[in-house]
Amino acid sequence: MRLSISKSKNSISLYMIKSIYENGSHTSKVVEKLGTVAELEKKLKGKDPIEWAKEYVAEKTKEEKEQKREILIKYSPVKQITKGKQRSFNGGYLFLQRIYHALGLDKICAMIKKKYKFEYDLNSILSRLLYARIIYPASKLATFKLSKRFIEQPKFDLQHIYRALSVLAKETDLIQAELYKRSLGLSARNTGVLYYDCTNYFFEIEQDEGLKQYTSNAKDHKPNPVVQMGLFLDGDGIPLAFNITDGSRNEQITLRPLEQQILRDFELSKFVVCTDAGLSSHANRLFNSIGERSFVTTQSVKKLENYLKGWALYCEGWKLPGADESYDISGFFKAEGEKGYLDPNVFWNKTFYKERNIKVKDLEQRLIVTFSLKYRAYQRKIRAGQVRRAQKLIDKGPGKLKKPKQNDYKRFIVKTSIGEDGKKAKKTILSLDKDLIAKEEIYDGYYAVCTNLKDDVMEIIKINRGRWEIEESFRIMKHEFKARPVHMQRDDRITAHFATCFISLMLFRYLEKLLGEEYTCEEILDTLRGMDFLRAEGEGYIPTYMRTDLTDALHAILDGARIDYEIVTDRQMKEACKKTKQK
């Protein structure tokens with residue numbers, strides 16, 4: 001390529017052109033118009049436009065030649081690799097880095113640094129804590145070492161991580177509020193429905209202090225102190241806000257403080273809060289009946305008052321969405337041809353419902369109960385498997401039978417001890433609790449919610465079905481991001497640890513959305529973790545991962561930059577890293 005100078009009566013224009021061979025003849029093609037000399041003099045502030053143009057064209061020509069050349073790399077079968085020199089690097093973090101900067105987390109770090117006036121690079125620390133939590137989940141010490149596997153090296157020491165954790169803990173409210181505001185520039189937030197849940201995270205210690213407290217409500221019954229994490233997601237499953245409370249606290253009282261924070265810091269006032277039954281205290285329902293707020297919460301049919309339970313399980317009075325006809329679902333238990341018979345094949349994918357208004361402690365609400373043959377079959381399939389496991393344990397003979405966990409198959413085992421009158425029992429017999437099995441079967445296929453919304457029944461059911469995303473979010477943090485067991489001791493560092501887990505989840509959820517929600521969590525994580533490169537010294541990086549539809553979809557996030565060539569030159573990698581940091 002070369003510089004072309006075109007002079008006219010009123011101006012001098014500069015162009016970058018190249019010679020091409022087309023249809024048997026040579027011609028010139030304008031690659032880029034650089035501007036007029038007058039325009040460039042203003043832009044370059046004193047630098048000679050012609051000299052600048054020559055340097056620019058020379059640089060672009062060099063880049064073009066570099067992209068076209070084939071790179072030959074020689075390796076010797078008798079030459080040892082250099083001791084202590086890193087040769088493999090991960091580039092999967094770059095797709096997370098694109099979202100990190102799109103959310104303005106680097107700007108948030110700058111705000112915090114200005115407030116505290118410390119010297120270490122908070123942006124480098126926070127970004128590596130997040131990328132490593134997703135790609136190389138480990139302790140903070142291991143994270144410091146593992147972050148050196150990324151192509152761009154960390155700009156901090158280990159001691160700076162622990163100092164930064166204390167600062168991050170103090171600024172969790174600011175970070176959440178700023179993340180929400182800046183996320184609005186990335187995509188619209190669906191704040192019409194907010195999902196809330198709370199879960200425990202255990203510690204590998206026995207001493208309870210501060211946030212680390214014992215609880216009798218731990219679902220896994222681990223004999224360790226725990227902390228509680230409350231989490232709000234928006235209607236699209238994107239994390240909105242979180243809080244950390246000590247493990248001994250009743251989870252029902254964790255909702256209102258975090259919701260008040262959302263009302264205050266996020267300036268939201270109209271939304272529906274959707275929770276499970278365990279978080280649905282009367283006080284929480286009252287709180288979400290104020291102003292423009294509403295609630296949708298699951299309701300255990302088993303725990304309804306007897307008159308309501310009778311109404312819910314009564315076979316008559318069921319309807320299908322969009323129809324006025326009333327059904328008697330006892331027809332599913334009748335023989336074909338018998339009066340009132342209902343064909344299960346016809347109604348297999350249908351959801352029946354009935355509703356009524358109820359008043360609990362002066363709070364008016366709707367009780368909606370649904371019945372589904374498909375859901376009933378699913379529940380019975382799960383229970384049948386649990387009964388089989390219980391029978392296998394019984395067949396092995398008597399032994400120590402630990403207290404069953406929630407919904408554990410061991411709940412179906414009854415232990416009977418036999419001994420002579422007045423003497424200690426010498427024999428233990430295990431048997432199936434058939435009465436319990438029969439009692440549970442009564443409720444198969446039924447599901448209930450309570451709400452103060454006046455919306456269509458199926459719309460309310462649809463809102464409640466969205467709760468699966470918050471359950472999946474906790475699963476991702478616990479199992480994929482290894483958020484537990486927690487190894488931190490100080491309360492501030494514990495809070496900061498969960499802040500990084502929360503932000504990591506936010507980055508990952510946005511990545512899922514950008515990928516069109518076409519890939520599973522495991523597929524995305526496996527791909528990011530496997531996107532390694534072999535360093536070819538002086539030349540660039542050689543991808544050692546397999547190119548797939550998913551890696552192609554990931555590259556669409558980088559706005560044209562690609563790191564899946566046979567060799568990615570140093571210049572190309574530098575350009576790709578630069579693009580991930582653009583707004």
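Structural remarks
- Residues of the chain: accessible area per residue with a 1.4 Å probe, Å²: 54
- Principal axes of the stretch 13-59: Cα extent on each, largest first, Å: 44, 18, 10
- Distances between placed amide hydrogens fall under 5 Å for Ser187 paired with no residue 5 or more residues away or on another chain.
- Three-way shape call for the stretch 427-583 based on the alpha-carbon gyration tensor, with the a/c threshold at 1.5: prolate
- Surface composition of the chain: carbon plus sulfur atoms hold 49% of the accessible area, using a 1.4 angstrom probe and ignoring ligands, DNA and RNA.
- The Ser76 and Glu537 beta-carbon pair, evaluated with R₀ = 22 Å, returns a calculated FRET efficiency of approximately 0.95.
- Label positions at Glu441 and Asp570, each projected 7 Å from the Cα along the C-beta direction, are separated by 7.4 nm.
- Semi-axes of the equivalent ellipsoid for the chain, Cα gyration tensor, largest first, Å: 58, 31, 27
- Ordered from highest to lowest accessible area with the whole protein assembly present and a 1.4 Å probe, Asp362, Asp395 read as Asp362, Asp395.
- Here each label is just a point 7 Å from Cα along the line to Cβ, and for Asp173 and Glu63 those points are 4.7 nm apart.
- Cα centroid of the stretch 529-583 to Cα centroid of the stretch 55-133, whole Å: 10
- FRET efficiency for the Ser166 to Thr27 pair, using the beta carbon distance and R₀ = 51 Å, is estimated at 0.20.
- Taking every C-alpha pair closer than 8 Å and separated by at least 6 residues, the mean separation divided by the residue count of the chain gives a relative contact order of 16 percent.
- Those residues of the stretch 526-566 whose amide nitrogen sits under 19 Å from the label point placed on Ala142, 7 Å along Cα→Cβ: 526-531
- Directionally averaged shadow of the stretch 209-362, computed from the convex hull of its alpha-carbon atoms, nm²: 13.9
- Cα extents of the stretch 57-128 along the three principal axes, largest first (Å): 54, 41, 22
- Note on the stretch 1-145: the alpha carbon radius of gyration divided by the globular reference 2.2 N^0.38 Å gives 1.69.
- Chain lengthening between Ala188 and Lys303 when straightened (0.36 nm per residue, less Cα-Cα): 37.5 nm
- In the stretch 380-496, the inverse of the mean reciprocal separation of distinct Cα atoms equals 19.1 Å; this is its Kirkwood hydrodynamic radius.
- If R0 is 25 Å, the Cβ-Cβ spacing of Ala384 and Ala277 corresponds to a FRET efficiency of close to 0.50.
- Report summary: the helix-based calculation at 222 nm, which adds -39500 (n - 2.57) for every DSSP H run with n ≥ 4 and divides by the residues of the chain, gives -11500 deg cm²/dmol.
- Peptides ranked, highest mean first, by Cβ atoms within 10 Å: ranges 54-62, 494-502: 494-502, 54-62
- Site pair Glu209 and Lys270 shows an inter-label distance of 5.0 nm when each label is modelled 7 Å from Cα along Cα→Cβ.
- For a straight C-alpha distance cut-off of 15 angstrom, the aspartates and glutamates reachable from Lys402 (same-chain residues fewer than eight places away being disregarded) are Asp220.
- Over 24 Å (Cα to Cα) - which of Lys29/Lys54; Lys140/Lys513; Lys350/Lys462; Lys33/Lys62; Lys85/Lys478 fall in this group: Lys140/Lys513; Lys85/Lys478
- Of the DSSP H helices in the chain, those whose Cα atoms cover at least 18 Å axially and whose Kyte score averages -1.0 or more: 122-135, 158-170, 491-514
- Note that the stretch 81-162 shows a convex hull volume over its alpha carbon atoms of 96 Å³ per residue.
- Accessible area of Cys274 in the full protein assembly, 1.4 Å probe (Å², nearest 10): 0
- For the stretch 445-484, backbone nitrogen atoms closer than 15 Å to the point 7 Å from Lys319 Cα along Cα-to-C-beta are found at 454-461.
The values are calculated or read from the model by the stated rules, or taken from the named source; none is laboratory data. None of these values were measured; they are calculated from a predicted model. Note: ideal-geometry Cβ built from the backbone for every residue, glycine included; neighbour counts use all protein chains shown. The accessibility values were calculated without ligands, DNA or RNA, using every heavy atom of the protein model including side chains. Shrake-Rupley method; radii C 1.70, N 1.55, O 1.52, S 1.80 Å.
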